[in-house]
Each structure stands twice: as structure tokens, then as C-alpha cells.
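Structure first, then comments.
The values are calculated or read from the model by the stated rules, or taken from the named source; none is laboratory data. Source: prediction; values computed, not measured. Methodologically, a virtual Cβ is constructed for each residue, glycine included, from the backbone with ideal geometry; neighbour enumeration extends over all protein chains shown.
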Amino acid sequence: MSAILVDADACPVKEEIYKVAFRRAVPVTIVSNSRIHVPAHALISRVVVGDGFDAADDWIAERASAATVCITGDILLADRCLKAGATVIAPNGKLFTASSIGGAIATRAIMADLRAGGAAIGGPPPFTKADRSRFLSSLDEALVRMARGA
């Protein structure tokens, strides 16, 4: 059975995840470092991990498998989940794949080096309605693919 694991502390698409999960009857686990409000519903569960560095990432990565869709914007967590066989989607709807993750990790490293060197580089673009719509579509498509493969 499919499941959705959410790196929830900074996730802007939790409501969209619930909407798709209810329609597809797929359980969702919201993982965070602090208590986050979740709907009272049998398909939704919440896990609050400790404040340890990468505690939420570790919890998700340990449970990621070919039967899970992981929602995260964290490139290193996405890599760990992909290696476990999971489908990984960023909140903007971008699907992380084995062929795209290497470039994303390299870009992340370059940006970190530039920031450490004092370069004033902007952050990510603002989250838009188009990102939200693309996410809904990506999540729905991933769950349909998983259901067909089962």
C-alpha cells in the first residue's frame, strides 16, 4: 500500500497533500520538529521528532521505500529517499529523479560555497499558484503510477 511522508516543518502544500490523500485514500504521515496542526482524520498521522540535527530527515529516510511518496524541498533528504526507492516531489511540484538529483546536489554545494564566500545571491523564487497547481498534479500522477504498478 502506498503512503505519503511529508517533511513538514517548512512545507507550504500540506493542505494540497491532504486533498489528494483523501481523494486517493492514501495515508499521510506529517513529520516535524515541533507540533503542527493536522486534520483529525484516520488517514493523517503526525510524528514529532526531537530537535536533533536532521531528526525529521532521518525518520523519513528510514521509512522511505518504493511504496512511499516523500514530499520535501531538502535536496539531501530527496537523495536519501530516492536511494531507498521512493518517489520524491518538491513542494513546487518538481519531481526529483535519479538523473536529476546529482545536478541538484552540485548546485546546492556551489550555492553554499558562494554564500560562505560572502556573495549576495538571492534565495529561491517566490512560491506561486502555478507551483501549487504543479504540485497537485505531480502528487496525483505519482499516486496513480504507484497504484497501477501495485
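I'm trying to understand the selection: among the residues of region 41-56, which are surrounded by fewer than 13 Cβ atoms within 10 Å (Cβ to Cβ) and either closer than 12 Å to Val6 by Cβ or modelled with pLDDT under 95 (or both)? Please lay out each step first, then the result.
Let us first name the residues in region 41-56 that are surrounded by fewer than 13 Cβ atoms within 10 Å (Cβ to Cβ), namely 41-42, 50-53.
Passing the criteria: Gly50, Asp51, Gly52, Phe53.
Do you know which residues across region 114-127 are at pLDDT 80 or above and either outside any loop (DSSP other than H, G, I, E, B) or closer than 22 Å to Val69 by Cβ (or both)?
Phe127
Under 7 Å by Cβ, and 6 or more places apart or on different chains, what pairs join a residue from region 37-60 that is under 20 Å from Arg80 (Cα atoms) with one that is assigned to a helix (DSSP H, G or I)?
Taking only residues 6 or more apart or on different chains, the pairs are Val47/Trp59; Val49/Ala55; Val49/Ala56; Val49/Trp59; Asp57/Leu77; Ile60/Leu77; Ile60/Cys81.
Collect the residues in region 62-85 that are of a type outside the set (D, E, K, R) and either surrounded by fewer than 16 Cβ atoms within 10 Å (Cβ to Cβ) or in contact with a Cys (Cβ under 6 Å, 6 or more places away or on another chain) (or both), keeping them in residue-number order. Let's see the steps before the verdict.
As a first pass, look at region 62-85 and keep what is of a type outside the set (D, E, K, R): 64-73, 75-78, 81-82, 84-85.
Result: Ala64, Ser65, Ala66, Ala67, Cys70, Leu76, Cys81, Gly85.
So, of the residues in region 61-109 that are more than 20 Å from Ala21 (Cβ to Cβ) and polar (S, T, N, Q), which turns out to be modelled with the lowest pLDDT?
Filtering first and then ranking leaves Thr107.
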